Amino acid sequence: MRSEMSVLTLALGMIGLTALPALGAPTSRVIDRLEASVNSAAILLSDVERFRASAPLRAKLDPLFASSPISERIDRATDAEIVNLLIQDRLILLAFPVSDSEVDQEINSIQSSQRISRERLREEIRRSGFRFDDYFELIRLSTAKRNLIDRDIRSKVSISDDDVKTAFSQRQPGAGGVPSSYRVKLISFSRSNYKSAKAMQDTAERAMVSLKSGDTFDEVARRFGDDTEEGGLDLGSLTEEQMSPAIRTQVKKLKVGGLSPVFGDASSRLFILKIVEVSSTEDSRFASVREEIRNQLAAAEYQRQIQLWLERQEQQAFIHRAPAS
C-alpha cells in the first residue's frame, strides 16, 4: 500500500495536485499545478496567481519589473508571460542567492530609514492587502537583482557624449527634434589620377584597411587621398539639406567619429567619409534634453544587457515548461 501511495503522490506532483472527486462526482478540481521548473526550483500555478495578486507591491520593490512593459498591463498578461518572468526570477536568484538574514538586514535598513517597527511594517503591509511573506520574498528578489546590476551589468553600460549627440540629431523635427549640422571630412579618389577604375578602387580599399587598423583619418588621407596636404577634404558644417544625396545617405548611418564604407561612382570619383562633429542649431535645446536622452539610452542598454545575461543563463540551466493546458 505504501508503495502504491508513493507512486500516486509522485504522479500527482508531475501532473498537478488535484482534489479527488467523491464517489459519483463527475469531475475533479485543480488545487495546484506545475507550470515550469528551473533546475530543481518548481514554478506552480499558485505562484502565477500570487504574482498577479502582489503585482502592485512588486512594482514598488522590483527594480526590473517596474520598468518592464508587462507591469503596465498585468491585468491582461497571460499565464505564459508571467511564467517566463518567474523563470527569469529563478535564474537571477540561482546566480545571486540572498539568505534570510540578508533579507532581514535589508528590511531592518528600510525600517530604520522610515522610523518604523517590524510590527508596524507588518500591519501596514496587511492593510495594503498584501502578505508579509510576499513582501519578504520580493525584498529577497530585489536584492538579488540589484546584485546582478551592480556586479555584472553596470560595467557593461556606458553612454558617451557622442551617443547622446547622435540620438539627439536623429530626432525628426516633427517628433520634437531640431535641425543639426555635421562637420564632415572626406578622403577622395579621382579616376583621372589612376590608370584604371580598378586601381582607384584598390587604393580606396587599402585606405579603408589602414583606417580600420587604427591609423588616423588625416594620416590615411595624406597617404592615399587626392587631398594630400590638408589630410582630407574638410566640408565644414553642413545641415542635411545642404549635403548631396550620396553624402547625406552615408551621414544618416553614422555616429560621431564613424567611418563610411568606400562609396561614390567608380567611373569618376570615390570617397571615404568621417563625421567629425555634430552640433545642434539650437544648443540650448540640446542642453535641456541631454540628460533625459542619456537616461533613456542607459535604460535601454541596461534592459538589453540584462536580456543578454538571461539568455546566457537559460542556455546553461535545465528549464522545463509544462504543456499548455
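The values are calculated or read from the model by the stated rules, or taken from the named source; none is laboratory data. These numbers were taken from a predicted model, which means no experiment stands behind them. Backbone-built Cβ (ideal geometry, glycine too); neighbour counts: all protein chains shown.
Might you let me know whether segment 146-158 holds any residue that is within 19 Å of ASN108 (Cα to Cα) and modelled with pLDDT of 90 or more? Yes, the conditions are met somewhere in segment 146-158. Scanning segment 217-235 for residues that are at pLDDT 90 or above and within 25 Å of ALA167 (Cα to Cα) yields one hit, PHE217. Only one of the listed residues (LEU238, LEU273, LEU254) is closer than 23 Å to ASP161 by Cα, modelled with pLDDT of 90 or more and either in a loop (DSSP other than H, G, I, E, B) or not charged (D, E, K, R) (or both). That residue is LEU273. Reported count of residues in segment 97-123, each being touching a Ser or Thr at 6+ places or on another chain (Cβ under 8 Å) and closer than 27 Å to ALA41 by Cβ, is 4.
Evaluation of ASN147 against the conditions (1) within 30 Å of PRO63 (Cβ to Cβ); (2) in a helix (DSSP H, G or I); (3) free of Cβ contacts under 8 Å to residues at least 12 places away in the same chain shows that the sole unmet condition is (3). Take GLU314 and decide whether it is of a type in the set (Asp, Glu) and buried (at least 16 other Cβ atoms within 10 Å of the Cβ). Spelling it out, it is not the case that GLU314 is of a type in the set (Asp, Glu) and buried (at least 16 other Cβ atoms within 10 Å of the Cβ). Checked against the criterion of being without any contact (Cβ under 8 Å) to a residue 12 or more places away in the chain and either among the acidic types (Asp, Glu) or buried (at least 17 other Cβ atoms within 10 Å of the Cβ) (or both), the candidates ASP79, ASP133, ASP47, ASP62 yield just one match: ASP133. Tell me the residue from ILE153, ILE116 that is in the same structural domain as PRO56 (by TED's automatic domain parsing), more than 19 Å from ARG58 (Cα to Cα) and under 28 Å from the mean Cα position of the chain (by Cα), please. Criteria check complete, one pass: ILE153. Here the condition is being over 19 Å from MET208 (Cα atoms), touching a Leu at 6+ places or on another chain (Cβ under 7 Å) and either touching a residue at least 12 places away in the same chain (Cβ under 8 Å) or surrounded by 15 or more Cβ atoms within 10 Å (Cβ to Cβ) (or both); of LEU273, LEU235, it holds for LEU235 alone.
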